[in-house]
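The values are calculated or read from the model by the stated rules, or taken from the named source; none is laboratory data. Everything numeric here is computed off the predicted structure, so don't read it as measured data. Every residue, glycine as well, gets a Cβ built from its backbone with ideal geometry; the counts of neighbours run over all protein chains shown. Remember, those area values only see protein heavy atoms, side chains included, never the ligands or the DNA or RNA. Shrake-Rupley method; radii C 1.70, N 1.55, O 1.52, S 1.80 Å.
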Amino acid sequence: MVSDPVFHPWSAQAKVAQETVAGGAGAWFWNQAGERWLDLHSQLGNLNLGHQHPAVVAAIREQAGRLCTLAPSFRAEVRDEAARLILEVAPAGSRSVLFTTGGAEAVEHALRMARVATGRPKILAAHRSYHGATEGAMGVTGDPRRWPLPTTGAGTVRFSGPYRYRSDFHASTDAEERDRALDHLRRLVAYEGPASIAAVIVEPVVGSNGVLVPPDGYLAGVRALCDEHGILLIADEVMTGFGRCGAWFASDLWQVRPDLTTFAKGVNSGYVPVGGVVVGERVADHFAERPYPGGLTYSGHPLACASIVASIGVLRDEGLIERAARLGATVVRPLLDDLAARLPVVGEVRGTGLAWAIELVADRATREPLVPYDAPGRPHPRMVEILRACRARGVWPFVAANRVHLFPPLVIDEDDLRAGVAEVGAALTG
Ligand SMILES: Cc1ncc(COP(=O)(O)O)c(C=O)c1O
């Protein structure tokens with residue numbers, strides 16, 4: 001008998017064993033018994049501002065006292081302001097923002113916008129990607145989470161993106177990986193028929209599939225290929241947006257301007273469910289005189305918009321984007337490089353800003369993964385052991401496949417960050 005009243009995502013219901021969390025502040029959270037953990041994964045990459053940032057909590061309270069909800073058909077100052085601030089930091093050429101209630105819905109609408117605006121059916125999407133768990137978003141997802149849903153993905157054609165450590169192109173340098181990955185994409189476009197392709201969707205830095213930072217020039221190459229054929233570029237920045245990678249958007253790292261950018265998580269640290277699509281010129285022009293076929297009751301929810309306005313203010317005022325870039329380069333990278341040099345179980349470490357992955361191997365020479373690339377479900381028992389060892393040491397990272405992911409809040413104290421990475425290293429040492 002399952003007595004838990006909550007039906008848990010991604011889980012066999014009888015096998016869920018979760019920690020009951022009582023509270024959090026900054027980069028820490030704790031249970032009823034007073035055990036506390038350093039949050040090294042920001043609650044699924046959400047908490048760029050950490051737990052309970054007072055400015056955001058106050059903004060939500062203040063808005064709740066004024067107006068809790070408003071249909072999207074009305075205008076509200078707080079909604080205009082949230083969109084205006086997002087556009088200020090979004091890639092150049094962005095025109096407007098469609099608000100959703102999370103990342104998957106943002107992807108759904110980006111796909112729909114692309115298909116309707118171009119009149120073309122196909123979407124090119126990467127293996128080793130995650131775009132959300134609704135039907136269309138799962139249809140473009142490229143990781144094993146889609147395996148139990150064999151009928152999703154009509155109109156999706158999958159390609160391999162760059163990943164030099166496990167290159168699909170037998171490349172041994174970044175330049176080779178970039179050129180061969182672009183060549184592969186170019187061929188795929190030709191085989192599929194460019195005029196049938198609405199969009200290419202990418203995570204500019206692949207998030208939950210391993211923090212895959214593409215070689216310089218790759219994203220610009222994808223942009224150029226899209227331009228050649230009138231194909232739209234969708235950047236899924238749900239995980240990477242609003243400072244996570246040390247820039248407002250990961251696309252900024254290579255000065256690439258997508259046609260559509262999806263966001264969620266970091267835009268308000270997940271304090272109120274929200275996501276959205278930043279709409280570029282081409283799509284905005286298409287829907288200037290034609291109605292957009294889609295909407296949501298909660299689009300531009302006032303509590304969410306108030307939290308966005310406050311969050312962008314904090315990201316700016318506290319210099320958190322620059323801080324993420326600095327901490328990544330000067331603290332995390334050297335500490336992880338040191339782990340890689342010392343621990344044979346570490347195959348590769350990679351990341352940017354405050355998004356990092358430690359890839360674990362059974363054999364460094366062959367690069368055999370510590371656990372197999374496998375069907376979704378609970379993590380492999382060996383990875384559960386590693387996670388347990390981390391928790392026992394007071395740190396809470398994320399494990400996915402054969403990797404440990406570190407996505408700490410951008411506000412994390414520098415000494416805590418150093419100590420936290422050291423504890424993860426100690427957990428891996430066994
Ligand atoms: C890149 C990316 N896109 C989309 C999503 C889906 O977002 P949500 O869980 O808010 O629906 C995620 C979630 O982790 C993500 O990482």
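Solvent-accessible surface (1.4 Å probe) assigned to PHE74 amounts to roughly 130 Å². Summary: within the chain, the longest segment free of trypsin sites (Lys or Arg not before Pro) located in DSSP loops with at most 14 other C-beta atoms within 10 Å is 76-363.
Nonpolar atom fraction for the chain, defined as the carbon and sulfur part of the 1.4 Å probe accessible area, stands at 53 percent.
Protein-only accessible surface at a 1.4 angstrom probe places the residues TYR191, TYR292 in the order TYR191, TYR292, largest first. Once you reduce the stretch 305-332 and the stretch 200-254 to the center of their Cα atoms, the two points are 20 Å from each other. With a ≥ b ≥ c taken as the square roots of the eigenvalues of the C-alpha gyration tensor of the stretch 185-306, please select rounded if a/c is under 1.5 and otherwise prolate if a/b is larger than b/c or oblate if it is not? Judged from the Cα gyration tensor, the stretch 185-306 comes out oblate (a/c at least 1.5, b/c at or above a/b). Per residue, the stretch 54-317 exposes 39 Å² of accessible surface when a 1.4 Å probe is rolled over the protein heavy atoms with every protein chain present. Sparsely packed loop sites in the stretch 13-93 (the GluC sites (Glu not before Pro) outside DSSP H, G, I, E and B with at most 15 other Cβ atoms within 10 Å) comprise GLU19, GLU35. Could you calculate the FRET efficiency of ASP174 with ASP337 from 1/(1 + (r/R0)^6), where r is the beta carbon distance between them and R0 is 25 Å, rounded to 0.05? Step by step, r from the Cβ atoms, then E = 0.90. What the phi angles of the stretch 143-152 give under the Karplus curve with 6.51, -1.76 and 1.60, with θ = phi - 60°, is a coupling list of 9, x, 4, 8, 4, x, 10, x, 8, 7 Hz, glycine and proline written as x. Accessible surface for SER42 stands near 0 Å², nearest 10, in the context of the full protein assembly shown (1.4 Å probe).
For GLU88 and SER3, a Förster radius of 56 Å and the Cβ-Cβ distance give a FRET efficiency of 0.70, rounded to the nearest 0.05. For the stretch 277-292 versus the stretch 3-55, the spacing of their alpha-carbon centroids is 38 Å. Summarising the amide proton neighbourhood of GLY295: residues at separation of 5 or more, or on other chains, whose placed amide H is nearer than 5 Å comprise an empty set. Taking the DSSP beta bridges with both ends in the chain, the antiparallel portion is around 65 percent. Using θ = phi - 60° in the Karplus curve 6.51 cos²θ - 1.76 cosθ + 1.60, the 3J(HN,Hα) couplings for the stretch 29-34 round to 9, 8, 9, 4, 7, x Hz; x is entered for Gly and Pro. For the stretch 15-31, the residues whose amide N sits under 20 Å from a probe point set 7 Å from the Cα of GLN52 along the beta carbon direction are 19-31.
Given their separation in residues at 0.36 nm each and the Cα-Cα distance between them, THR366 and LYS15 gain 122.9 nm when the chain is fully extended.
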